[in-house]
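Single-structure report; data block below.
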Amino acid sequence: MTRESSSGEGVGSGVGGAVGWSGVEAAVPELARRVRERFGAHRHHVLATVRKDGAPRLTGLEADFRHGELWLGMMTGSRKVADLRRDPRFSLHANPGPGADLAGGDVRVSGRAVEVTDPDQVARYAAAVQPPEPFHLFRAELTEVVRTSTERPYLVVEIWAPGRGSRIIRRTSNDPAQQVE
């Protein structure tokens, strides 16, 4: 049986209904904690960007939560930098790790990547992280946070978006196909 519940309103949204990571933490602290822990379980994750021809591009990426933000650092000349400069939309999927048990859940965040060019911000980040230089730095402005986990007999999908609050959907394999909003 599919069960859906809603709770919590989103915090004030940023430009175009997107918020930085601290906005997610303020709006849904428990979900934010679980998502951040899942990203912290492994170093490398999968970034989806939009290619010039409109097709998706999947590439590896190290994401970093620091100073209340989710940062995306990239090598100069990478295709993902060109993609994000042309179309800032992205999704970032946490490395699921070994096995198929969804330990800790399966998480992804989506939104827009804002390139950071302020020399002081870039220097602050570089001093803390010490990435290979030169590099490009983007700050994530999030439009959706999703965590999928299991609670027998359910598959549980937690969804949060700024201004829309959070929803939890519980499904079993016997449920009819669900309509996507």
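The values are calculated or read from the model by the stated rules, or taken from the named source; none is laboratory data. Everything quoted here is computed from the prediction, not taken from an experiment. So basically every Cβ, Gly included, is an ideal-geometry build from the backbone, and we count neighbours across all protein chains shown. Heavy atoms of the whole protein, side chains included, go into the accessibility calculation; ligands, DNA and RNA do not. Shrake-Rupley method; radii C 1.70, N 1.55, O 1.52, S 1.80 Å.
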**Message:** Considering only residues that are among the hydroxyl-bearing types (Ser, Thr, Tyr) and over 13 Å from the mean Cα position of the chain (by Cα), which ones fall in segment 74-94?
**Reply:** Thr76, Ser78
**Request:** Of the conditions (1) within 23 Å of Asp83 (Cβ to Cβ); (2) touching a Lys or Arg at 6+ places or on another chain (Cβ under 9 Å); (3) modelled with pLDDT of 95 or more; (4) not aromatic (Phe, Trp, Tyr), Ile159 clears all except one; give me its number.
**Result:** (1)
**Item:** Condition check for Ala113: among the aliphatic types (A, V, I, L, M), at pLDDT 95 or above, touching a Pro at 6+ places or on another chain (Cβ under 6 Å) and closer than 14 Å to Trp21 by Cα
**Value:** yes
**Message:** Against the condition in contact with a strand residue (DSSP E or B) (Cβ under 8 Å, 6 or more places away or on another chain) and either surrounded by 19 or more Cβ atoms within 10 Å (Cβ to Cβ) or under 30 Å from Leu155 (Cα atoms) (or both), how does Ala113 come out, does it pass?
**Reply:** yes
**Request:** Please give the number of the condition Arg108 fails out of (1) in contact with a Ser or Thr (Cβ under 9 Å, 6 or more places away or on another chain); (2) at pLDDT below 95.
**Result:** (2)
**Prompt:** Of all the residues that make up segment 106-128, how many are assigned to a loop (DSSP other than H, G, I, E, B) and either under 23 Å from Ala55 (Cα atoms) or not acidic (Asp, Glu) (or both)?
**Reply:** 1
**Message:** Can you tell me how many residues within segment 150-162 are touching a helix residue (DSSP H, G or I) at 6+ places or on another chain (Cβ under 8 Å) and either under 16 Å from Arg34 (Cβ atoms) or open to solvent by 50 Å² or more (accessible area, probe 1.4 Å) (or both)?
**Reply:** 2
**Asked** Could you say whether any residue in segment 81-90 is in contact with a strand residue (DSSP E or B) (Cβ under 8 Å, 6 or more places away or on another chain) and within 18 Å of Val35 (Cβ to Cβ)?
**Response** yes
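Taking the condition closer than 26 Å to Ala26 by Cβ, touching a Phe, Trp or Tyr at 6+ places or on another chain (Cβ under 9 Å) and modelled with pLDDT under 95, does Arg170 pass?
Numbers: closer than 26 Å to Ala26 by Cβ: yes; touching a Phe, Trp or Tyr at 6+ places or on another chain (Cβ under 9 Å): yes; modelled with pLDDT under 95: yes.
Taking the combined requirement at face value, the residue satisfies it.
If we keep just the residues of segment 116-126 that are touching a residue at least 12 places away in the same chain (Cβ under 8 Å) and open to solvent by less than 60 Å² (accessible area, probe 1.4 Å), which is farthest from Ala26 (Cα to Cα)?
Step one: of segment 116-126, the residues touching a residue at least 12 places away in the same chain (Cβ under 8 Å) are 116, 121-122, 124-125.
Those left that are additionally open to solvent by less than 60 Å² (accessible area, probe 1.4 Å): 116, 122, 125.
Numbers: Val116: 23, Val122: 25, Tyr125: 23 Å.
Among them, the one singled out is Val122.
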**Request:** Can you give me the ranges of the strands (runs of 3 or more DSSP E) entirely in segment 2-105 with at least 2 residues that are modelled with pLDDT under 90, in contact with a Leu (Cβ under 8 Å, 6 or more places away or on another chain) and open to solvent by less than 50 Å² (accessible area, probe 1.4 Å)?
**Result:** none
